[in-house]
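J.: Dropping a structure here in C-alpha cells format, bear with me for questions.
None of the figures in this text is laboratory data; all of them are computed from the coordinates on show. Just so it is clear, the model here is predicted, and its values are computed rather than measured. No Cβ is skipped: glycine too gets one built from the backbone with ideal geometry, and neighbour counts run over all protein chains shown.
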Amino acid sequence: MIVFHENKKLFHLSTRGMSYIFGVGGYLQNLYWGEPVNAEDCVELMEVNFHSSFDPDTNLDREEFTCWNGRSFAEPCLKLQQGVESVVFTEFAGWEIFNRQDRVQTLRITLEDKVREFQLILEYVVYEELDIISRKAILNNIGSPLMIENFQSAALSLPQLERPFMRYVTGKWAGEFVINDAPVNTGVFTMQSKRGMTGPHFNPSFAVYEEGATEQNGNVWFGQLAYSGNWKISVEKTIFDNIRVTGGMNDSDFFKTLGQGESLETPEFFFGFSDGGFGGMSRKLHSFQKAHITTTSKPRRVLYNSWEATTFDVNVKEQMKLADKAASMGVELFVVDDGWFGERHGDNAGLGDWTPNAGKFPNGLGELISYVNGLGMDFGIWVEPEAVNPDSCLFRAHPDWIYHIDGVEPMQSRNQYVLNISLKEVREYLLDMLRSLLAQNNISFLKWDMNRMITDLGSCDGVDHRELWRAHVDALYEIWDTLRREFPQVELETCAGGGGRIDLGILKYADQSWPSDNTDPYERLFIQEGFTNFYNPGIMMCWVTDTHPSYRRSGRRDISYKFRSAMCGGLGIGSNIGNLTAEELSLYTSHIDEYKSIRHIVQNGRLYRLLSPGNSPVSAVQYISESDEESVVFAFLHSQKFGDPCKRLKLQGLSKNSRYLVQAAGSEESNRIYYGSTLMHIGLPLSLKGDFDSALLQIKKLEE
C-alpha cells in the first residue's frame with residue numbers, strides 16, 4: 001500500500017512485513033526501511049542533523065536520490081558531464097499513485113531542474129502481498145542536450161546498525177555463486193561488472209544484516225538489480241554510521257547524450273526486508289520471481305544434452321543412438337549442443353554460420369528431430385548468436401559487424417569476436433536466422449550461450465563507444481523479447497560459459513538458467529546454495545555427468561549421490577549414456593522416475609536450507625509443496641570421521657500438530673510417522689555412512 005501523509009509530507013510504502021518511508025523537505029529524505037512502523041512517528045527524523053561547519057546536515061547521507069551538485073558527498077545517483085553545467089539541483093514537483101488489480105501499486109515522484117530543464121521521475125512499485133518493492137528512475141529532457149556520466153537506479157538507506165554485515169556472491173568460471181559474508185566498514189564497498197554482461201565474478205544481489213543473523217533468524221535487508229550489462233552496487237557506510245546501497249548501470253566508461261524530448265530509463269532495483277534470516281529472504285525472493293519475473297508455469301523437463309558424449313563430433317547417426325538411450329531412461333527433452341552447424345569441428349571455426357553442417361546432417365536437422373519426436377521426446381538446440389569466429393562465412397562477408405577499434409587488431413577470446421548487435425542490420429540477420437531455424441524445425445528449446453566478455457568497444461557507424469555498453473544489452477533484450485512473442489512455445493535458457501549471465505533482467509525472458517559448467521555433485525552443492533540465496537531453484541538446471549578415473553574429483557562417482565545433488569533444481573543428464581552398463585541404465589531410469597514424482601515440489605515449492613555444505617560434514621535442503629501437503633528432503637554426507645553417526649536432522653516449515661509419513665527412497669526400512677513438532681525440534685535420524693553418501697526423504701501430511 002502507498003499512502004501520502006500530506007500534513008506530514010511523508011510517503012509510506014508498506015507491504016505485509018515491511019515499511020519504506022521517505023519525506024519531502026528541502027530534498028527527498030529516506031527516513032526508514034525495515035519492519036512495519038507507524039509512518040507519522042517518523043516526521044521528527046526529517047529535522048536537520050547539524051554536526052559542524054564541515055557537515056551541516058548529516059541527513060544528506062540519506063537522500064533518496066542524490067544528484068551530484070557539490071553539496072551531498074554520498075555516492076551519486078545522477079551526474080552530468082564535468083563543468084558548471086554538471087551541477088544538478090532538483091525540486092519536488094508532484095506525485096501520482098496508480099493502482100493495479102493484483103494489489104500492486106505504483107508511485108511516481110516528479111523532480112524538476114528548472115535551470116537545465118529536465119524532469120527526473122522516481123518510480124516505486126509496491127508488491128504488497130510478496131513483500132517486495134522496486135525502484136527505477138526516468139530522465140526526461142525538455143531543454144538542450146544533456147551529457148550523462150552516471151545514472152543509477154536508486155539509493156537505499158538502512159537504519160543504523162550496531163554491527164552490520166553484508167552477504168554477496170562471487171565466482172569465476174566453474175566456481176560461481178560462492179557466498180561471502182563480511183563486515184560493513186566505514187567507506188565504500190563496490191560489486192560490479194565492466195565486462196559487458198552480468199559476469200560470474202559478482203552477481204547484482206546483496207544482503208545487509210545484523211551480526212548473528214542465521215538461516216532462520218535475524219533482520220536482513222536485501223536487493224537485486226535487473227540488468228545484464230555493466231552494473232554496479234555500492235554499499236557505503238558514512239562516518240556517521242549511515243548505511244546506503246546504491247545500484248544501477250556501471251558509470252565506468254558510461255556516457256549518454258540525451259537530446260531534447262528524449263528520455264533515459266534505468267534498470268529496476270528490487271528490494272525487501274526479512275526478519276526470518278537468510279531463509280526468509282530467499283523465500284520472499286523466490287515467491288516474487290515466480291510471480292513476476294520467471295512466470296512460466298511449465299515444469300522443467302528432464303533433459304539430455306549430448307555435449308559430453310560427442311563434443312564437436314556431432315552426426316545424425318550417433319545422435320540417434322544417444323536419443324534411443326535417452327528415451328529409454330525417461331528423458332523428455334533431447335538437446336544437441338555445439339558442433340551441429342557450419343564448418344564447426346572445433347572452437348576455431350564456423351561460429352556465426354547457423355545452418356546445419358551438410359556432412360553431419362545430410363538431410364538437415366529435420367531427420368533427427370523427427371526421430372527424437374517419434375521417441376516421445378522434445379528437441380532442443382544450442383546457439384551462441386552474439387559471437388563469431390574469424391574463420392566463418394559470416395565474418396568473411398561482414399568483418400565490420402564485430403566490435404572493433406579503428407586501426408587496432410581486435411582481441412580474440414576462445415577464437416571468437418563479439419558481434420555488434422547494436423547495429424540494426426546485425427540484429428535483423430540474427431533474428432532472420434533464428435526465425436528460420438525455429439520456423440523450419442520443430443525445436444522447443446534454445447540454449448543461448450555466450451563464451452566470452454565484450455571487448456574492443458567501437459563501431460563502424462561512429463557511435464561513441466561508451467554508449468555501446470548499454471546498446472548491446474538493449475539489443476539483446478529486443479531479440480529475446482521478439483523470440484518470446486513470435487515463438488511462445490520455445491523455451492529459452494540463459495547460459496554464459498555457465499553462470500555468467502544470470503540476473504533479473506535476462507530472467508524476464510528466460511525459462512531456466514545454467515548456473516555453472518561445474519557439474520561435480522559435491523561442488524555443485526556449494527554453487528546451488530549460493531544461487532538459491534537469491535534465485536529461485538525452479539530455474540536452476542543441474543546435470544548428472546560422468547566422472548573419469550583420471551579426474552581430480554574421481555571419488556564422487558556414486559550415481560545416487562550425483563542424481564540427488566542434481567535433483568535439487570531442474571534435472572538434466574550430460575553423461576555419455578552410450579557407455580552405460582545395463583545396471584547403470586536401470587539406476588538412471590529409476591532416479592529419473594523418482595525425480596518426476598517430486599518435481600512439482602522442488603520446482604514450485606518453498607526451499608529451506610537446513611545445513612550448509614560449508615559448515616558441516618552433512619548438508620541438507622528441504623522443499624515444501626505449495627499445498628503444504630508434501631515435502632522432500634535431500635541430505636548429503638561428504639565425509640565421515642571416526643565412524644561418528646550423523647546427528648538427527650531438524651526440518652522446518654511443517655505444521656507442528658500435524659502427523660507426517662516419512663519415506664526414505666531406496667530404503668528397506670519401514671515407513672515412519674512423526675508429528676511436525678517432532679520433526680522440527682527433535683529431527684529425523686539419518687543412516688548415512690562413509691564418504692559421499694546421500695538420502696532422499698519424501699514426507700506426506702496425513703489427514704487428521
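J.: Would you work out if the range 439-538 is rounded, prolate or oblate? Take a ≥ b ≥ c from the square roots of the eigenvalues of the alpha-carbon gyration tensor; rounded if a/c is under 1.5, else prolate when a/b is larger than b/c, oblate otherwise. Let's see the in-between values first.
T.: Working: a/c = 2.16, a/b = 1.31, b/c = 1.65.
Since a/c reaches 1.5 but b/c is at least a/b, the shape of the range 439-538 is classed as oblate.
J.: All other residues with a Cβ under 13 Å from the Cβ of Leu13 taken together, and with Lys, Arg as +1 and Asp, Glu as -1, what is their net charge?
T.: Taking every other residue near Leu13 into account, the sum is -1.
J.: Report the calculated FRET efficiency for Glu629 and Asn579 (r = Cβ-Cβ distance, R0 = 35 Å), to the nearest 0.05.
T.: Details: r = 40 Å, r/R0 = 1.15.
About 0.30, to the nearest 0.05.
J.: Show me the trypsin sites (Lys or Arg not before Pro) within the range 122-175 that DSSP assigns to loop and that have at most 16 other Cβ atoms within 10 Å of their Cβ.
T.: Passing sites in the range 122-175 are Lys172.
J.: Any idea which of Gly376, Ala349, Leu419 is furthest toward the positive side of the dipole for the range 336-426, if Lys and Arg beta-carbons carry +1 and Asp and Glu beta-carbons -1?
T.: Farthest along the dipole direction, towards plus: Gly376.
J.: Could I ask something else about it? Across the range 609-625, in residue order, what do the Karplus-derived ³J(HN,Hα) couplings come to in whole Hz, using 6.51 cos²θ - 1.76 cosθ + 1.60 with θ = phi - 60° and x for Gly and Pro?
T.: Couplings: 8, 7, 9, 7, x, x, 10, 7, x, 10, 10, 7, 10, 10, 10, 10, 5 Hz.
J.: As an exercise, use a Förster radius of 35 Å and the Cβ-Cβ distance of Asp691 and Lys596 to find the FRET efficiency, rounded to the nearest 0.05.
T.: Given R0 = 35 Å and the Cβ-Cβ separation, E is 0.75.
J.: Divide by every residue of the chain the summed helix terms, -39500 (n - 2.57) for each DSSP H run of at least 4, and state the resulting mean residue ellipticity at 222 nm, rounded to the nearest 500 deg cm²/dmol.
T.: Helices in the chain give a 222 nm mean residue ellipticity of -6000 deg cm²/dmol.
J.: Restricting to bridges with both residues inside the chain, how much of the DSSP beta-bridge set is antiparallel, in percent to the nearest 5?
T.: Just about 85 percent of them are antiparallel.
J.: Starting from the 7 Å offset along Cα-to-Cβ, what nm value, one decimal, do you get for the label separation of Thr295 and Asp558?
T.: Calculated label separation equals 4.3 nm.
J.: ³J(HN,Hα) across the range 386-397 via Karplus (A = 6.51, B = -1.76, C = 1.60, θ = phi - 60°), whole Hz, x for Gly/Pro?
T.: 7, 10, 8, 7, x, 8, 8, 5, 4, 5, 5, 7
J.: A further question on this structure: Which part of the range 139-175 falls in the paramagnetic zone of Asn69, meaning amide N under 19 Å from the point 7 Å along Cα-to-beta-carbon?
T.: Answer for this model: 139-144, 146-156.
J.: What length, rounded to one decimal in nm, is gained on full extension from Ser144 through to Thr170, with 0.36 nm per residue of separation minus their alpha-carbon distance?
T.: That pair, Ser144 and Thr170, stretches by 5.2 nm at full extension.
J.: So for the pair Glu704, Val408, with labels modelled 7 Å out along Cα→Cβ, what separation do we get in nm?
T.: 7.0 nm
J.: Is the C-alpha gyration tensor of the range 481-636 telling us rounded, prolate or oblate? Criteria: a/c under 1.5 is rounded; beyond that, a/b larger than b/c is prolate, otherwise oblate. Numbers along the way, then the final one.
T.: Details: a/c = 1.45, a/b = 1.24, b/c = 1.17.
Rounded.
J.: Please give the charge dipole size of the chain, origin at the Cα centre, charges +1 on K and R Cβ atoms and -1 on D and E Cβ atoms. Round to the nearest 20 debye. Display every interim value, and only then the final one.
T.: Details: 67 positive and 93 negative charges, 349 e Å.
That gives a dipole near 1680 debye.
J.: Shifting gears a bit: Too long at a 28 Å Cα-Cα cut-off: which of Lys8/Lys284; Lys114/Lys256; Lys508/Lys656; Lys232/Lys256; Lys321/Lys700; Lys325/Lys562?
T.: Violating the 28 Å Cα-Cα cut-off are Lys8/Lys284; Lys508/Lys656; Lys321/Lys700.
J.: Of (i) 26; (ii) 18; (iii) 22, which one was derived for percent of Cα pairs over 47 Å apart from the structure shown?
T.: Checked against the structure: label (iii).
J.: Using a Förster distance of 51 angstrom, determine the FRET efficiency expected from the C-beta separation of Glu308 and Arg108, and round it to 0.05. Intermediate values should be presented prior to the final figure.
T.: Numbers: r = 51 Å, r/R0 = 1.00.
For R0 = 51 Å, the calculated efficiency reads 0.50.
J.: In terms of modelled amide H atoms, which long-range or inter-chain residues lie less than 5 Å from the amide H of Glu491?
T.: Under 5 Å from the amide H of Glu491: Phe445, Leu446.
J.: A further question follows. Positive end of the charge dipole of the chain (Lys, Arg +1 and Asp, Glu -1 on Cβ, about the Cα centre): tell me which of Gln698, Gln260, Phe445 has its Cα farthest that way.
T.: Value computed over the given set: Gln698.
J.: How far, in nm, would the chain grow between Asn38 and Lys8 when pulled straight, counting 0.36 nm per residue and subtracting the alpha carbon separation?
T.: 9.6 nm
J.: Give me Trp448, Trp95, Trp514, Trp382 ranked fewest to most by other Cβ atoms within 10 Å of their Cβ, as a rough exposure proxy.
T.: Trp95, Trp382, Trp448, Trp514
J.: While we're on this one: With a/c under 1.5 counting as rounded, go ahead and sort the range 303-514 into rounded, prolate or oblate using the C-alpha gyration tensor (a ≥ b ≥ c being the square roots of the eigenvalues; past the cut-off, prolate if a/b is larger than b/c, else oblate).
T.: Since a/c reaches 1.5 and a/b is larger than b/c, the shape of the range 303-514 is classed as prolate.
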